[in-house]
Amino acid sequence: MQQHDIDVFRNQSVQPRQHLIDGKAQAASDGQTMEVISPIDGQVLTSVSRGTAADIERAVAAARKAFEAGSWSQMAPANRKKILFKWADLIEAKAMELAVLGVRDNGTEISMAYKAEPFSAAGTIRYYAEALDKVYGEIANTDPAFLGLIHREPVGVVGAIIPWNFPMMIGAWKLGPALAAGNSVVLKPAETASLTLHRMAELALDAGLPPGVLNVVFGEGPVVGEALGISMDVDVLVFTGSGGVGRRLLEYSARSNLKRVFLELGGKSPHIIFNDAPDLDVAAKAAAAGIFRNAGQVCVAGSRLLVQADIHDDFVAQVAKHAAAFRVGDPLDITTQMGAVNSARQLEQNLTFVARAAEQGAKLMTGGNHIMQETGGYFMEPTVFSNVAADADLAQKEVFGPVLAITKFSDEAEAIALANSTKLGLASGVWTSDFGRAHRMVRAIRAGVVHVNTYGGADGTVPLGGVGQSGNGHDKSMHAFDKYTNLKTAWMKL
Ligand code: NAD
């Protein structure tokens, strides 16, 4: 990646977008649009259709029609695979255009977004394309007088509601297995990061995905998200986002057709540093990167740093030093390490957490401010608090911003108790040279993933999912197919 390649796309005008329904651009039923604001300068980037419940109905009907017609669901797996591979190739061929568009839309630093968005999405789509004809049914080991066959079938129409922090990466985590399994999808991107997912869906059509199989409806969560949630013709709803909206989706399901709902929610992930960490300098850098990349808007961010007492003061000083040195700035500058916060609302929420942390007795080590205000963008300093009480808001609630909470512990038992002291359980990390301790911690921590002597970056071969109030079901790996397929038994008398 070179700066001049980025600059080619940086100022390109972005045409207004309409929903993509049944393979065609379609305006909202009432013709309304909504502005897309760039977090880089607070200016209007473009506009998109403001979806209505009627638009969702249209999209769900198109998805159902395509599913029933079998244009995709009944296509020979080898041909489905070819189209998905071609789609991944098209995404990669347009990687820089997509990455820059996404950064202008959501503010993530390009040094992260370039790989984490188009390339990650293409990789995920390829992973499921490769896998789709390697998922077999089963023959049960049953009474020889009978034959028990277990078929795995697509569920039908999938509704996918996507957040704004990594729209292409997270979108592909849903679209890859859902489409590979033969389903049709209606996708609702987040209001503040919708443009790349829409472009990706256009590229899917170019690759040969039949019309109606992948539909994109823009709009506000409480309007189009709810319409998708209460649709009587959506079979499975998949979601990444906040716990509050996750709860609503379960209610929508109960109020409508009892569709299955799979939730990937937030975290307050403990990142634990023992005094026998193999390299405390490396650990300190990882602790900073683990919370400040993408301005902390990472579901698995190591937002609670737990540090053993005898190394605490030095280690905290190191982390604060790395935080203060983190290069915050124009997310389209290749050297920027932390870009803009996604929206004015998110920035305000982050600053409220900062104020509350100070009120609750935490010690501000560095940061805490809205910076670069002259740009009109939503930039914030990397912020570190030490002395955070285990029951303080900053230790219990997800900020989803560049704010690190540090708490001291004395021994392994206390580290485990602190690690498990929230209702969330998405990710975690442990730094230790003691092999036995590493395994004990992996067993003891209630979380979907435990990193050991590294933080983040688990690839697509392993599942990501939360326990407790961090969600149900898994993205990534072969396990993701479970959400998008039904098991059907054939019980035959021989
Ligand atoms: P959000 O829950 O506000 O929005 C997510 C999506 O839900 C958006 O598309 C939004 O339009 C939609 N939505 C909002 N209100 C809705 C409603 N009433 N009905 C239906 N849909 C509605 O979350 P966000 O602010 O976009 O994302 C940040 C949150 O997502 C954080 O809490 C973060 O931890 C979580 N997250 C989790 C993971 C994970 O893998 N577990 C990954 C990324 C983000």
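The values are calculated or read from the model by the stated rules, or taken from the named source; none is laboratory data. Here the structure is a predicted model, which means the values were calculated and not measured. For neighbour counting, all protein chains shown are included, and Cβ atoms are generated from backbone atoms with ideal geometry for every residue, glycine included.
One residue stands out among those in segment 423-446 that are of a type in the set (A, V, I, L, M, F, W, C) and in a strand (DSSP E or B): the one that is nearest to P270 (Cα to Cα), which is V430. Taken over segment 284-320, the residue count meeting the criterion of being without any contact (Cβ under 8 Å) to a residue 40 or more places away in the chain and not small (G, A, S) is 6.
In this structure, does L332 turn out to be over 26 Å from G465 (Cβ atoms) and either within 16 Å of the ligand (Cβ to nearest atom) or buried (at least 17 other Cβ atoms within 10 Å of the Cβ) (or both)? For L332, the condition - over 26 Å from G465 (Cβ atoms) and either within 16 Å of the ligand (Cβ to nearest atom) or buried (at least 17 other Cβ atoms within 10 Å of the Cβ) (or both) - is met.
Within segment 249-262, take every residue that is surrounded by 19 or more Cβ atoms within 10 Å (Cβ to Cβ) and not hydroxyl-bearing (S, T, Y) and give me the one that is nearest to the ligand (Cβ to nearest atom). Give the steps one after another, and end with the answer.
Filtering segment 249-262 for residues surrounded by 19 or more Cβ atoms within 10 Å (Cβ to Cβ) gives 249, 252, 259, 261-262.
Subsequent filtering for residues that are not hydroxyl-bearing (S, T, Y) retains 249, 259, 261-262.
Numbers: L249: 6, K259: 13, V261: 11, F262: 11 Å.
It comes out as L249.
Output yes when any residue across segment 8-27 is of a type in the set (G, A, S) and under 23 Å from G339 (Cβ atoms), and no when none is. First the steps, then the outcome.
Taking segment 8-27 and keeping what is of a type in the set (G, A, S), we get 13, 23, 25, 27.
Retained after the next criterion (residues that are under 23 Å from G339 (Cβ atoms)): 13.
Yes; the residues of segment 8-27 include at least one that is of a type in the set (G, A, S) and under 23 Å from G339 (Cβ atoms).
For E220, the test of being under 19 Å from Q18 (Cβ atoms) and within 13 Å of the ligand (Cβ to nearest atom) is passed.
Of everything listed in (1) in contact with a helix residue (DSSP H, G or I) (Cβ under 9 Å, 6 or more places away or on another chain); (2) within 16 Å of the ligand (Cβ to nearest atom); (3) under 18 Å from A405 (Cβ atoms), the single unmet condition for L265 is (3). Which one of these does F9 not meet: (1) more than 17 Å from L98 (Cα to Cα); (2) aromatic (F, W, Y); (3) surrounded by fewer than 19 Cβ atoms within 10 Å (Cβ to Cβ)? Tallying (1) more than 17 Å from L98 (Cα to Cα); (2) aromatic (F, W, Y); (3) surrounded by fewer than 19 Cβ atoms within 10 Å (Cβ to Cβ), F9 fails exactly one: (1).
Here is a yes/no grid of residues against (1) under 26 Å from the mean Cα position of the chain (by Cα); (2) within 25 Å of R126 (Cα to Cα):
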{"residue": "H4", "(1), (2)": "no, no"}
{"residue": "T33", "(1), (2)": "yes, no"}
{"residue": "Q43", "(1), (2)": "yes, no"}
{"residue": "T46", "(1), (2)": "yes, no"}
{"residue": "K65", "(1), (2)": "no, no"}
{"residue": "R80", "(1), (2)": "yes, yes"}
{"residue": "A88", "(1), (2)": "yes, yes"}
{"residue": "A93", "(1), (2)": "yes, yes"}
{"residue": "A99", "(1), (2)": "yes, yes"}
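Total residues in segment 162-206 satisfying the condition of being within 14 Å of the ligand (Cβ to nearest atom), surrounded by fewer than 24 Cβ atoms within 10 Å (Cβ to Cβ) and within 26 Å of A69 (Cβ to Cβ): the figure is 1. Selection of segment 268-300 for residues being within 16 Å of the ligand (Cβ to nearest atom) and closer than 13 Å to A323 by Cα yields G290, I291, F292, R293, A295, G296.
Among the listed residues W72, W87, identify the single one that is in a helix (DSSP H, G or I) and in contact (Cβ under 8 Å) with a residue 12 or more places away in the chain. Quick ask: steps written out before the conclusion?
Working: W72 fails: in a helix (DSSP H, G or I).
Being in a helix (DSSP H, G or I) and in contact (Cβ under 8 Å) with a residue 12 or more places away in the chain holds for just one of W72, W87, which is W87.
Filtering segment 149-161 down to residues that are more than 22 Å from E35 (Cβ to Cβ) and within 14 Å of the ligand (Cβ to nearest atom), which residue is farthest from the chain's Cα centre (by Cα)? Here the residue is G159.
Restricting to segment 369-397, name every residue that is surrounded by fewer than 21 Cβ atoms within 10 Å (Cβ to Cβ) and either without any contact (Cβ under 8 Å) to a residue 40 or more places away in the chain or within 16 Å of the ligand (Cβ to nearest atom) (or both). Give the steps one after another, and end with the answer.
Looking only at segment 369-397, we keep the residues that are surrounded by fewer than 21 Cβ atoms within 10 Å (Cβ to Cβ), and these are 369-376, 387, 389-393, 396-397.
Matches in segment 369-397: N369, H370, Q373, E374, N387, A389, A390, D391, A392, D393, Q396, K397.
If you go through segment 398-419, how many residues are surrounded by fewer than 16 Cβ atoms within 10 Å (Cβ to Cβ) and either assigned to a loop (DSSP other than H, G, I, E, B) or at pLDDT below 95 (or both)? Here the count works out to 2. Cβ-Cβ contacts under 8 Å between residues 6 or more apart (or on different chains), taken from a first residue in segment 404-428 that is in contact (Cβ under 8 Å) with a residue 40 or more places away in the chain and of a type in the set (D, E, K, R) to a second residue that is in a loop (DSSP other than H, G, I, E, B) and within 16 Å of the ligand (Cβ to nearest atom), are listed as K423/Q469. Any chance segment 352-366 includes a residue that's modelled with pLDDT of 95 or more, of a type outside the set (A, V, I, L, M, F, W, C), surrounded by fewer than 18 Cβ atoms within 10 Å (Cβ to Cβ) and within 16 Å of the ligand (Cβ to nearest atom)? Yes, the conditions are met somewhere in segment 352-366.
Does D41 qualify as being charged (D, E, K, R) and on the phi > 0 side of the Ramachandran plot?
No; evaluated as a whole, the condition is false for this residue.
Filtered by the rule that a residue be surrounded by 24 or more Cβ atoms within 10 Å (Cβ to Cβ) and within 21 Å of the chain's Cα centre (by Cα), segment 207-225 gives L214, N215, V216, V217, F218, G219, V224, G225.
Among the residues of segment 110-161, how many are surrounded by fewer than 18 Cβ atoms within 10 Å (Cβ to Cβ) and farther than 30 Å from S242 by Cβ?
Qualifying residue count, segment 110-161: 22.
Note on segment 1-22: residues that are part of a helix (DSSP H, G or I) and small (G, A, S) total 0. Would segment 317-327 turn up any residue that is over 24 Å from Q396 (Cβ atoms), in a helix (DSSP H, G or I), at pLDDT 95 or above and in contact with a strand residue (DSSP E or B) (Cβ under 6 Å, 6 or more places away or on another chain)? Checking segment 317-327: at least one residue is over 24 Å from Q396 (Cβ atoms), in a helix (DSSP H, G or I), at pLDDT 95 or above and in contact with a strand residue (DSSP E or B) (Cβ under 6 Å, 6 or more places away or on another chain).
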